[in-house]
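S.K.: I'd like to ask you about the structure that follows.
The values are calculated or read from the model by the stated rules, or taken from the named source; none is laboratory data. Everything quoted here is computed from the prediction, not taken from an experiment. Every residue, glycine as well, gets a Cβ built from its backbone with ideal geometry; the counts of neighbours run over all protein chains shown.
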Amino acid sequence: MTEPFVFRLQLTQVELLGRRAGNITELRHHLKEIPDTSIYYHTHHRLRQHVIRSPEPPNDFSYWITKALGLAKMGEAFSSLPFASYRSIAEIRQAFLSPLDAFLLEENGHRPQAPAGMEFHFLDGRTFLLPTGLEARTPEEFKEVIGRTPIGSIQYHVFAPRLGMAPPEYDFAAWFEARGREDIARDIRRLDPYTMTLETLRLNILKKVADHVAA
Amino acid sequence: MSRLEDYSPIVGADRIDVLRALGARLSGRIIQNINSTAVGGGVAEILTRMTPLLKELGVDARWDVIRGNERFFAVTKAMHNGLHGVPSPFTEDDRRVFRETNRDNLEHISTWGDFVFIHDPQPIALIDEIDKKKHRCAWRCHIDFTDPQPDIWHFLKGYIESYEAAVFSAPAFARPLRIRQVLISPSIDPLADKNKELPKEVIDEVCSRFGLDRCRPIVTQISRFDFLKDPVGVIRAYKMVKRHTDCQLVLAGGGATDDPEGQKVLDDVREEAAGDPDVFVLFLPPGSDIEINALQRASTVVLQKSLKEGFGLTVAEALWKAKPVIAGAVGGIPLQITHKFSGILTYTIEGTAFWIKQLLNTPRFASRLGRNGREHVRANFLITRHVRDYLLLFLSLERPGDLIVL
């Protein structure tokens, strides 16, 4: 018998790094240097807003490149990256840097500057974890608890562990795997959590578990 | 005064549970707020509402107000203007007055809290007198730091970096500093007299008292009489609108005890409005929250045509009432308004006039802006979120690290 799954709630304190970018060169410079937690913040904090403002570009970088610099094609490239396949912030960082490098290598290319007041300000997120008081010892209990755990809990357990921003045992799929339920783990991992609201994600996870529990 | 459970129907019980859990981890700690005015302006308003909620959570929240003479507040007003990018002389004598007044205030502060939370520049120099090994100190900046006057900025920077953390209201206010910088937006209290639901009779009575005709459109700006709120620009925009579209204009607000320029601005506004019976300039005394609430609710369109703005809580107030808002794209206002989604952002008098006409003539679009704005405020700018962010700040002062397990 493995340990129960403990549902935790993530709260984020937003910090300002005092760095700003007004063009692609500056964006690239800072992207190489900012901490992983900053990249995680800028690529994931909008997932909460996604609940009420769908459809919304899923990361701040794509939004800024599109709106402030007017580079729609590059903005789309940034928003359509296969985030669900990444397993570390280093992979995301490299995925952002590659198109920026290519852009800057273009001879005589257009080099837009953000209008005054529309510079990109780099933020960072400090994570606080609160116990929700909810635990699951069996898939049946998991199915019941996932339906009522706070939405911030779903967000934390789905996104942070898969990118190395939380211990691996905090991952839903990893917990099922450790219990010998590779079937449920596989179905949860197959979901692309970046393409749905968090409430839809909750329902999808619940359904995946229910399919197997019922069977 | 409202209790935490009163907010559950508005923000959800789970958010209140989070506050209780965070409060339990700071139980008994003394959090000492210090600012420069007990009434008037957003800082005093937030502290008035927040202090009892923190106490209910088990935190010993306190609030001290520093004292100063006219000379001191003239200096701090000049600093305020200079930090907002308005050229202002800042002499060596001004610095002396500033330092001495801060030092003199030590007589009125008998004890220091576990956490000392200093608001805005006026009391910032108190940090020199605090034993930082015993007390965790953070500085809260409520003003627009986008383009501060260099000499004033350098003067303050020395003090700011003596704190453990600085708190700003908008990302654009961040500066290169050697200390942590935390982003915390201010908030409104949906249960305060200024924001609570009002019966129609109360709204009608207030409008009637001020002579407003509720059968005709009402365009309103609520704010202190301050150059940076551009009340004269508002009247000029109104005059452009009035050539083609009928409406009334309300400019209503009070003054803060730390703002010596208010009377001059009020005089200018009255001069600009002279002779127009549809312009209502209302200088409201402290405690006029119901009147302000009623005026916002009676409005067809609400303006906040600020030239500089720390955050602009009047925007959140109007959005919470589902009003279409036209506001200057400065300070923290763009955090509250996404242009053409949850309000309108403008840059000029002409742009403001254009959008007043558009909204008065397209009420369905205006109504949609208001509805979206209300939900945005519910998610991001209510006092419960603000309390949570402050509790996280104090916890983070005690517990370092990127991941804090509570």
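S.K.: For the condition β-branched (Val, Ile, Thr) and within 14 Å of the chain's Cα centre (by Cα), what is the one hit in B:ILE46, B:ILE34, B:ILE66?
M.R.: B:ILE46
S.K.: Hey, among the residues in the stretch B:17-34 that are surrounded by fewer than 20 Cβ atoms within 10 Å (Cβ to Cβ) and within 14 Å of another protein chain (Cβ to nearest Cβ), which one's nearest to B:ARG399 (Cα to Cα)?
M.R.: Within the stretch B:17-34, the match that is nearest to B:ARG399 (Cα to Cα) is B:ARG25.
S.K.: Right, here's the next one. Does B:THR111 satisfy being of a type in the set (S, T, N, Q) and within 23 Å of the chain's Cα centre (by Cα)? Write out each step before concluding.
M.R.: Details: of a type in the set (S, T, N, Q): yes; within 23 Å of the chain's Cα centre (by Cα): no.
The answer is no for B:THR111.
S.K.: Is one or more of the residues making up the stretch A:92-101 free of Cβ contacts under 8 Å to residues at least 24 places away in the same chain and of a type in the set (D, E, K, R)? Walk me through how you get there before you give the answer.
M.R.: Taking the stretch A:92-101 and keeping what is free of Cβ contacts under 8 Å to residues at least 24 places away in the same chain, we get A:94-95, A:98.
Still in the list and also of a type in the set (D, E, K, R): none.
Looking for residues that are free of Cβ contacts under 8 Å to residues at least 24 places away in the same chain and of a type in the set (D, E, K, R), one finds none in the stretch A:92-101, hence no.
S.K.: Among residues belonging to the stretch A:136-158 that are farther than 25 Å from A:HIS45 by Cα and not in a helix (DSSP H, G or I), point out the one that is farthest from the other protein chains (Cβ to nearest Cβ).
M.R.: Here the residue is A:THR138.
S.K.: Any idea which of B:SER306, B:SER367 is in a loop (DSSP other than H, G, I, E, B) and touching a residue at least 24 places away in the same chain (Cβ under 8 Å)?
M.R.: B:SER306
S.K.: Kindly provide the set of residues from the stretch B:86-136 that are touching a strand residue (DSSP E or B) at 6+ places or on another chain (Cβ under 9 Å) and surrounded by fewer than 12 Cβ atoms within 10 Å (Cβ to Cβ), ordered by number.
M.R.: Within the stretch B:86-136, B:HIS108, B:THR111 meet the criteria.
S.K.: Next question. Looking at the stretch B:384-405, which of its residues are within 11 Å of chain A (Cβ to nearest Cβ) and either assigned to a loop (DSSP other than H, G, I, E, B) or acidic (Asp, Glu) (or both)?
M.R.: Answer for the stretch B:384-405, where residues must be within 11 Å of chain A (Cβ to nearest Cβ) and either assigned to a loop (DSSP other than H, G, I, E, B) or acidic (Asp, Glu) (or both): B:ASP389, B:ARG399, B:PRO400, B:GLY401, B:ASP402.
S.K.: Follow-up question, since we're still on this one. Please determine, by comparing only the residues of the stretch B:350-383 that are among the polar types (S, T, N, Q) and within 13 Å of chain A (Cβ to nearest Cβ), which one is surrounded by the fewest Cβ atoms within 10 Å (Cβ to Cβ).
M.R.: B:ASN380
S.K.: When you check B:PHE90 against the structure, is it of a type outside the set (Ser, Thr, Tyr) and in a helix (DSSP H, G or I), yes or no?
M.R.: Criteria not met by B:PHE90.
S.K.: Looking at the stretch B:321-337 only, could you name the residues that are more than 17 Å from B:GLN358 (Cα to Cα) and not hydrophobic (A, V, I, L, M, F, W, C)?
M.R.: B:LYS321, B:GLY331, B:GLY332, B:PRO334, B:GLN336
S.K.: List every residue pair whose Cβ atoms lie under 7 Å apart, where the two residues are 6 or more positions apart in sequence or sit on different chains, the first residue falls within the stretch B:334-353 and is in contact (Cβ under 8 Å) with a residue 40 or more places away in the chain, and the second residue, located anywhere, is of a type in the set (Lys, Arg) and surrounded by 19 or more Cβ atoms within 10 Å (Cβ to Cβ).
M.R.: These pairs meet every condition: B:THR352/B:LYS305.
S.K.: Tell me yes or no: at least one residue of the stretch B:385-400 is surrounded by fewer than 24 Cβ atoms within 10 Å (Cβ to Cβ) and of a type in the set (Val, Ile, Thr).
M.R.: Among the residues of the stretch B:385-400, not one is surrounded by fewer than 24 Cβ atoms within 10 Å (Cβ to Cβ) and of a type in the set (Val, Ile, Thr), which makes the answer no.
S.K.: Additional query: For the stretch A:7-103, please list each of the helices (runs of 4 or more DSSP H) lying entirely inside it that holds at least 3 residues being more than 14 Å from chain B (Cβ to nearest Cβ) and of a type in the set (Gly, Ala, Ser). Please lay out each step first, then the result.
M.R.: Numbers: elements: A:24-33, A:36-44, A:46-49, A:60-67, A:72-79.
Fully inside the stretch A:7-103 and qualifying: A:72-79.
S.K.: What is the residue count in the stretch A:106-133 for residues that are over 20 Å from A:ILE39 (Cα atoms) and either within 8 Å of chain B (Cβ to nearest Cβ) or assigned to a strand (DSSP E or B) (or both)?
M.R.: Final tally of qualifying residues: 5.
Okay, residues lined up against (1) modelled with pLDDT of 90 or more; (2) under 23 Å from B:ALA379 (Cβ atoms):
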{"position": "A:ILE92", "(1), (2)": "yes, no"}
{"position": "A:LEU97", "(1), (2)": "yes, no"}
{"position": "A:LEU100", "(1), (2)": "yes, no"}
{"position": "A:ARG111", "(1), (2)": "no, no"}
{"position": "A:ALA116", "(1), (2)": "no, no"}
{"position": "A:ASP124", "(1), (2)": "yes, yes"}
{"position": "A:LEU130", "(1), (2)": "yes, yes"}
{"position": "A:ARG148", "(1), (2)": "yes, yes"}
{"position": "A:ARG162", "(1), (2)": "yes, no"}
